[in-house]
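The values are calculated or read from the model by the stated rules, or taken from the named source; none is laboratory data. As the structure is a prediction and not an experimental result, all values here were calculated from the model. No Cβ is skipped: glycine too gets one built from the backbone with ideal geometry, and neighbour counts run over all protein chains shown.
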Amino acid sequence: MTPDRSPEAGTARSVAIIMDGNARWAAARGLPVGEGHREGARALRRTVEAALELGVRSLAVYAFSTENWARPPDEVEFILALLDETIERELPDLSRQGVRTRFVGRRDRIPARLRRKMEELERETAGNDRLLLWIAFDYGSRAELVEAARRLVADGLRPEDVSEEALAERLYAPELPEPDLVVRTSGEQRLSNFLLWQSAYAELVFTETLWPDFGPDDLRAALEEYASRARRFGAR
């Protein structure tokens, strides 16, 4: 899906967030890194609710990258358990508020029991349309593009039939709207392999706030920063 490219489109309806800073938040408080991830899950809940109030229609969050498997095994195990817990305790209540949840990324490396829960939540929330919540888990944009290229080959497309549209149709989630705005927390200023294709014309906002401290005021500030910019998409 393409973004609204009209000059008057000053409201970000599609937002993506790189949720960064959980470990630093925990370290600054002398806590185990898992407590930073747990507080980060709470930040996600309040950010989704803020997005509902602020008129955001699509929110994509970077929860776990393809590279994150290289972290210490106990941290990876904790993150998987926390996702399980979030699906059980947090996301159903968001569903009652009209949130549809979709997961984006590989699923073959996720434990079968957790994978079934993800699929069940997707089915249960399929009819919701107040906000689309995309959780990128075991996601990497380069891997996504390689897989899309493989699908082009497998589908037998001739070189002259390969187009932006043909490739986009073969991404993990072709229905995921291109983000108007990408926000990264914790002061880092890079995309870290997140939605590289989809974010080609996104506005970028970087905030020093660590993800566990992120909340409605931070989201509102990012949306206001977006609204102050003129998007030209290569034109003058």
Residues that are closer than 21 Å to GLU124 by Cβ: which helices (runs of 4 or more DSSP H) entirely in region 1-113 hold 3 or more of them? 33-54, 73-89, 91-96
Out of curiosity, is GLY30 surrounded by 13 or more Cβ atoms within 10 Å (Cβ to Cβ) and of a type in the set (Gly, Ala, Ser)? no
Expected single match for among the small types (Gly, Ala, Ser) and touching a residue at least 12 places away in the same chain (Cβ under 8 Å) among ALA154, ALA227 is ALA227
Check ARG29, ARG89 and return the single one that is more than 27 Å from PRO174 (Cβ to Cβ) and modelled with pLDDT under 95. ARG89
Considering region 37-91, residues that are within 17 Å of PHE103 (Cα to Cα) and in contact with a His (Cβ under 8 Å, 6 or more places away or on another chain), and then whichever is surrounded by the most Cβ atoms within 10 Å (Cβ to Cβ), we arrive at ILE79
Look at SER58 and say whether it is under 17 Å from ARG184 (Cα atoms) and polar (S, T, N, Q). yes
Selected residue (only one of THR66, THR47, THR101 is in contact with a Lys or Arg (Cβ under 9 Å, 6 or more places away or on another chain) and either under 22 Å from LEU132 (Cβ atoms) or in contact (Cβ under 8 Å) with a residue 12 or more places away in the chain (or both)): THR66
Can you spot a residue in region 146-160 that is touching a Gly at 6+ places or on another chain (Cβ under 6 Å) and either modelled with pLDDT of 95 or more or not basic (Lys, Arg) (or both)? no
